[in-house]
Amino acid sequence: MELTWGIIALMVGGGFLAAFIDSSVGGGGLISVPVLLAAGLPPHLALGTNKLSASLSSVTSTITFWHSGKINLRSTGKLVPFTAVGAAGGALLLQLIPSDWLRPAIVVMLIAVTIYTLLKRNWGMEGATRKLTTAAQLGAIAAAFVLGAYDGFFGPGTGSFLIFIFIMLGYDFVQAAGNAKLLNFTSNVASLIVFLSLGWVDFRLGLLMGAAMVLGSLAGSRLAIRQGTKYVKLLFVFVTVLLISKQLWTLIAGS
């Protein structure tokens, strides 16, 4: 594939916008994967290349949130191995099973998350983390594993679901976004290793888009930290509605 100025502009513009959104509330794949497909990559190569770009983006936002004290490494760090194993397994499973059958279930869960967030008006506006019961800890481990597998296998909405889980554990939206980024970075890297072993990564486009995503991630995460929970909550609802619309459109168009 020839790298024309049009493709370069598409990678840079799309990558920056995807990372800007993804760094706060997830959902960047809603932009970056279609951009890679528009550049002419086949679906499997677009997914693998997106993981390279997303890994560069997510490590940037993870470091930014960590430096601002918005990541609880003591509790979230324990979930990292489970996310990594789940993501690697999910990426391997992608070779065997088409991911489209997941769309109806994802639409239902995203709608439920959005409605719950809108109805609970003050939910996630203030952090009130508490000592977790054994059942809550096991639930967090299960969620980390399942969402890691989901990210490696399919991906759309992973960041939104992770934020939802951390808010359920008592974090506010900004803290939840920071903790979610650490796990999202883990799942990106673990699945990227699998995609690399399969040869499903275009390094030229991945690194080009990744450079733009680093800048978008820096801008987006810093804005989220500065603007606080109200901004992140509004963006969270907006992105989940976009994700729902995209998945519904794909279901309708494919039927």
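The values are calculated or read from the model by the stated rules, or taken from the named source; none is laboratory data. Computed from a prediction, not measured in an experiment: that's the story for all the values here. Note that we place each Cβ from the backbone using ideal geometry, even for glycine, and neighbour counts take in every protein chain shown. Note: accessible area is taken over every heavy atom of the protein model, side chains too, but ligands, DNA and RNA are not part of it. Shrake-Rupley method; radii C 1.70, N 1.55, O 1.52, S 1.80 Å.
Total lysine pairs in the chain at Cα distances under 25 Å, for residues eight or more apart or on different chains: 24. Per residue, region 5-253 exposes 45 Å² of accessible surface when a 1.4 Å probe is rolled over the protein heavy atoms with every protein chain present.
Provide the three semi-axes, in whole Å and in decreasing order, of the ellipsoid equivalent to region 5-253 as defined by the square roots of 5 times the Cα gyration tensor eigenvalues.
On the way: eigenvalues 136, 76, 65 Å².
Each semi-axis is √(5λ); the values are 26, 19, 18 Å.
When the solvent-accessible area of the chain is split by element, carbon and sulfur atoms take up 71 percent of it, the probe being 1.4 Å. For residue 202, the amide hydrogen comes within under 5 Å of the amide hydrogens of 49, counting only partners 5 or more places away or on other chains and with H modelled in the peptide plane.
Put simply, when 166-176, 106-116 are sorted by average Cβ atoms within 10 angstrom per residue, most first, you get 166-176, 106-116.
Take the chain, connect every pair of alpha-carbon atoms lying under 10 Å apart with a spring to form a Gaussian network, then pick out the residue of 245, 24, 58 with the largest mean-square fluctuation. It is 245. For region 46-54, 3J(HN,Hα) computed residue by residue from phi via the Karplus equation (6.51, -1.76, 1.60; θ = phi - 60°) reads 5, 5, x, 5, 4, 5, 5, 4, 5 Hz, glycine and proline entered as x. Seen against the Cα atoms of the chain and their longest principal axis, helix 229-254 is set at about 50 degrees. Here region 5-253 is treated with +1 on each Lys and Arg Cβ and -1 on each Asp and Glu Cβ, and its dipole about the Cα centre works out to around 640 debye.
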